[in-house]
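Report on the following structure.
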Amino acid sequence: MTYLLKPLNTVMFLCLLLTIKAQSTQTDKTLDNSVHLSKNLNGLNVLTIAQPDYSKVEITLYVKTGPVYENDSVSGISNIVQSIIADKIANHLRKNLTGLSFQNTQFSSYITTESSLFQLTCPAANYAASLQLLRDSVFVTTISQNELDKKLEEVRKEIETGKSDYKTIYEIKLLSRLFRKDATRQILTGDTSGKFPYIDLGHVRSYWARYYVPNNSILNAYGNFSTYQFQDKVAMLFKDVLKSKFDKDVISKIIDFKGMIYSTQFVVNAPVEEPQIEICWLFPGTRSNVKSSYYAYLLSAMLNDPNNHIQVKARKMGCKKFTAVYDARNFSGIFRIMLQPDKTRLFETYHFVLNEVMRLDETLLNESMMGVGMLNFKKEYNNIKASKEYLQWLSKYYVYDDETYFQTLDDSVGLLGERRMRKFVIEYIKQSPHVTGLLVNETDRTELKVDSILPELDASIHDYVFKYRPNISDLEGAENQIKLSNLLNWLQANPDLTVQVNGCSDRSEYGRAKDDTIKAFIDSIPTFKKVKEDWVKTGAIRIEMMRAMKIIKYLYDKGVAIDRIKGTSMPFTSKNESEELENMKCTITIDKIRKAPSVYEYHYGKKKEENEQR
């Protein structure tokens, strides 16, 4: 009887253990023979790599929240909530509670556009205390009015300080051009005015309660621990943290960013020894367009090959740095080409690189170069995979129940085809606008005549108004000349744009004007047939049309094709002297040429793509 009870008790005990484990952990599996994944019933996913040779334990908690999830009224709230929670953890370490202090534990916390991160690195014996600190500070906490008021004041000061910091100025200018009206969803502090009128305690607590929940979080750990003991400790400590009722499909929906329409450029003064240039494109994110993100990674690897013809020629021109980076995010991405040219060949190098990148589909995209790019990417990927940062990459692209993106990225890039790669480059590089940013010191800015060669261009060019004195058709004054030069640069940077120059006058002015150079210009352009007929009859054209024609001739003489330039004219009758002067002007209307494939190209390409898929 005694001998029969012993194995029976053992079986019952094992069943009890399995039942307890089942209550806290839903599934366990191993990824890549190194990363262990545990999915808990409350939605908390845990990724671990046990590394006995590493004396410490590095624990990182990702909460999927950031500016991309905000609306305009509470712009900046995610940064404020993350910062308040980070302060709570830091205060705990300062007080040396539960055996954790800044003497034995490293702590870092920051926010990205899409996630808030909290990381503790502690001795192996203290990892349970670190887990409990994360639980209590992130998931089981209360935010007070005093904490909120203090943090709002800190962020306001941070924004004010940023207005004199060249790095902050540069990044805000770049994001504002890339994302336009959605720029605040990419700036961590949100609304850069720092007013925060709707961020009160109610909104902050509501935001925390919605996003800071286990089923919106990922925890990973690297270091000296037993995998299953660590997973069990997490399950035990976090079992009482309840799963949120929100619909994760709603919270994780793809955000449709309204990207830029036109290529723009800007210059920022900076204490740099050599000018630095970035050329940036808005690219798809890893979730908004998964396949396109693979091509983006491959493109950066191909451009970073030091033996490609662009890099070789750039080095011969004295370029000290040429780096391509795909800044991949889940909802969007930024593709950057960073240059540090020889200052004596600054603009020559910039235009060479830009022109070559715009024709990649004709030069670099071939089977041989793609093969080199895949090998380069594989090398970079394997280096990441062999490092402890691998967990961070997995977590960055881990969206709720899908952990496969970065895990399968290498294989996905290795399967890409040449034809679709060419299509990707045409769509996202060749036919898409870009932003050029230049960091330069004040001395070089003056000596290199940066403001005349690379003037700052943004959407304000649409509102340009050229002003005239009564009865004058020539542009006068520095302000008019700067606007005219900027308009030319804008059209050169955006070859798919057309411009309509709208000449205006007041009826109090002379009705007609004569100019032999404009007469010869009109006579040489077949599309000006209607204007030529009027010229032949009268020997002169109306002053409002003369104003428009002189701007049109300037643009044409500088290389803008005539089919991209149109002109209109209209006289106005003023009620007073102020209105009279206001009527003496030229305005501009800018439109984008809509490119579309021919019917043959569309159907041929579609049929060929279907055959390839088969």
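If contacts are Cα pairs under 8 angstrom and at least 6 residues apart, what is the relative contact order of the chain in percent? Let's see the in-between values first.
Values: 954 pairs, mean separation 82.0, N = 614.
Relative contact order, the chain: 13 percent.
Please state the Cα pair-distance histogram of segment 402-558 with 5 angstrom bins from zero: what percent is in each bin?
Each 5 Å bin holds this share of Cα pairs: 1, 7, 12, 13, 13, 11, 9, 8, 8, 6, 4, 3, 3, 2, 1, 0.
If amide H atoms are built 1.01 Å from N in the plane of the peptide, which residues on other chains or at least 5 residues away come under 5 Å of the amide H of residue 31?
36, 37
Amide H neighbours of residue 567 under 5 Å, counting only residues 5+ apart in sequence or on other chains, H built in-plane at 1.01 Å?
Long-range HN contacts for residue 567: 501.
Tilt of helix 346-358 relative to the longest C-alpha principal axis of the chain, in degrees (0 to 90, nearest 10)?
The answer is roughly 70 degrees.
Using a 1.4 Å probe, what is the accessible area per residue for the chain, in Å²? Intermediate results must be reported in sequence, preceding the final value.
Numbers: 30200 Å² over 614 residues.
Each residue of the chain exposes 49 Å² on average to a 1.4 Å probe.
Treat each spin label as a single point 7 Å out from the Cα along the C-beta direction, and report the residue 557 to residue 72 distance in nm.
Between residue 557 and residue 72, the simple spin-label model gives 4.4 nm.
How high is the relative contact order of segment 447-543, given as a whole-number percent (alpha carbon pairs under 8 Å, six or more residues apart)? Could you put the intermediate results ahead of the total?
On the way: 53 pairs, mean separation 23.8, N = 97.
Worked out over segment 447-543, it gives 25 percent.
What distance in nm lies between label points placed 7 Å from Cα along the C-beta direction at residue 312 and residue 124?
5.2
Can you list the HN-Hα couplings for segment 480-495, worked out from phi with the Karplus curve (6.51, -1.76, 1.60; θ = phi - 60°), rounded to whole Hz and with x for Gly and Pro?
4, 5, 5, 4, 5, 5, 5, 4, 4, 4, 4, 6, 5, 6, 10, x
Whole-Hz ³J(HN,Hα) for each residue in segment 441-451, computed from phi via Karplus 6.51 cos²θ - 1.76 cosθ + 1.60 with θ = phi - 60°, x for glycine and proline: what do you get?
7, 4, 5, 5, 4, 6, 5, 8, 6, 4, 5
Would you kindly derive the ³J(HN,Hα) couplings of segment 152-158 from the backbone phi angles with the Karplus curve 6.51 cos²θ - 1.76 cosθ + 1.60 (θ = phi - 60°), listing them in order in whole Hz, with x for Gly and Pro?
4, 5, 5, 5, 4, 5, 4
Helix 227-238: angle to the longest alpha-carbon principal axis of the chain, degrees 0 to 90, nearest 10?
It is inclined by approximately 80 degrees.
With the full set of protein chains in place, find how many percent of the accessible area of the chain is carbon and sulfur; take the probe as 1.4 Å.
53
Which whole-angstrom value gives the distance between the alpha carbon centres of segment 301-321 and segment 425-493?
Centre-to-centre (Cα) distance: 29 Å.
Which semi-axes, in whole Å and largest first, does the equivalent ellipsoid of segment 102-241 have when worked out from the alpha carbon gyration tensor as the square roots of 5 times its eigenvalues? Spell out each step's value before the answer.
Working: eigenvalues 222, 68, 46 Å².
Over the Cα atoms of segment 102-241, the ellipsoid semi-axes are 33, 18, 15 Å.
Give me the percent of Cα-Cα pairs in the chain that sit more than 42 Å apart, rounded to a whole number.
Value for the chain: 40 percent of Cα pairs lie more than 42 Å apart.
Of 469, 422, which has the most accessible area with a 1.4 Å probe, and how do the rest follow in descending order?
Result of the area sort, largest leading: 469, 422.
Compute the FRET efficiency between residue 467 and residue 160 as 1/(1 + (r/R0)^6), taking r as their Cβ-Cβ distance and R0 = 51 Å, and round to the nearest 0.05.
Values: r = 36 Å, r/R0 = 0.70.
Working from the Cβ atoms, E equals 0.90.
Can you tell me which of 337-343, 393-399 comes out highest on packing, and rank the rest after it, using the mean Cβ neighbours within 10 Å?
393-399, 337-343
Would you mind getting the Kirkwood hydrodynamic radius of segment 67-127 from its Cα pairs, rounded to one decimal in Å?
It is 12.9 Å.
With only alpha-carbon pairs counted, each pair once and no self-pairs, how large is the Kirkwood hydrodynamic radius of segment 350-451 in angstroms? Can you show the working numbers first?
On the way: mean 1/r = 0.0588 Å⁻¹.
Mean inverse Cα-Cα distance, inverted, gives 17.0 Å.
Find the eigenvalues of the gyration tensor of the Cα atoms of segment 271-411, then list the square roots of 5 times those eigenvalues as equivalent ellipsoid semi-axes, largest first, in whole angstrom.
Details: eigenvalues 169, 55, 42 Å².
That gives 29, 17, 14 Å for the three semi-axes.
Going by alpha carbons, how many degrees (0 to 90, nearest 10) lie between the helix axis of 290-303 and the longest principal axis of the chain?
That works out to roughly 70 degrees.
With both bridge residues required to lie in the chain, what share of the DSSP beta bridges run antiparallel, to the nearest 5%? Display every interim value, and only then the final one.
On the way: 66 of 86 bridges.
Bridges in the chain are about 75 percent antiparallel.
Which FRET efficiency value, to the nearest 0.05, do you get for residue 366 and residue 274 by plugging their Cβ-Cβ distance into 1/(1 + (r/R0)^6) with R0 = 35 Å?
Working: r = 33 Å, r/R0 = 0.95.
Using R0 = 35 Å, I get an efficiency of 0.60.
Extent of segment 195-354 along each principal axis, from alpha carbon coordinates, in Å, largest to smallest?
That gives 64, 48, 35 Å along the principal axes, largest extent first.
Under a point-charge model restricted to the Cβ atoms of Lys and Arg (+1) and Asp and Glu (-1), what is the dipole moment magnitude of segment 89-163 relative to its Cα centre, in debye to the nearest 20?
180
Longer than 31 Å from Cα to Cα, which of 64/167; 173/396; 64/430; 64/379; 320/566; 64/233 are they? Say none if no pair is.
With Cα atoms farther than 31 Å apart: 64/430; 320/566.
Counting only residues 5 or more places away or on other chains, whose amide H sits under 5 Å from the amide H of residue 333 once H atoms are built in the peptide plane?
Those lying under 5 Å, H to H, from residue 333 are 283, 285.
Based on DSSP H runs of at least 4 residues, each adding -39500 (n - 2.57), what is the mean residue ellipticity at 222 nm of the chain after dividing by all its residues, to the nearest 500 deg cm²/dmol?
Calculated at 222 nm, the ellipticity per residue is -13500 deg cm²/dmol.
Give me the number: length gained by fully extending residue 31 to residue 380, i.e. 0.36 nm times residue separation minus the C-alpha to C-alpha distance, one decimal in nm.
Taking residue 31 through residue 380 to full extension adds about 123.7 nm, to one decimal.
The values are calculated or read from the model by the stated rules, or taken from the named source; none is laboratory data. Since this is a predicted model, take the numbers as computed values, not measurements. No Cβ is skipped: glycine too gets one built from the backbone with ideal geometry, and neighbour counts run over all protein chains shown. These area figures cover heavy atoms from the full protein model, side chains too; ligands, DNA and RNA do not enter into them. Shrake-Rupley method; radii C 1.70, N 1.55, O 1.52, S 1.80 Å.
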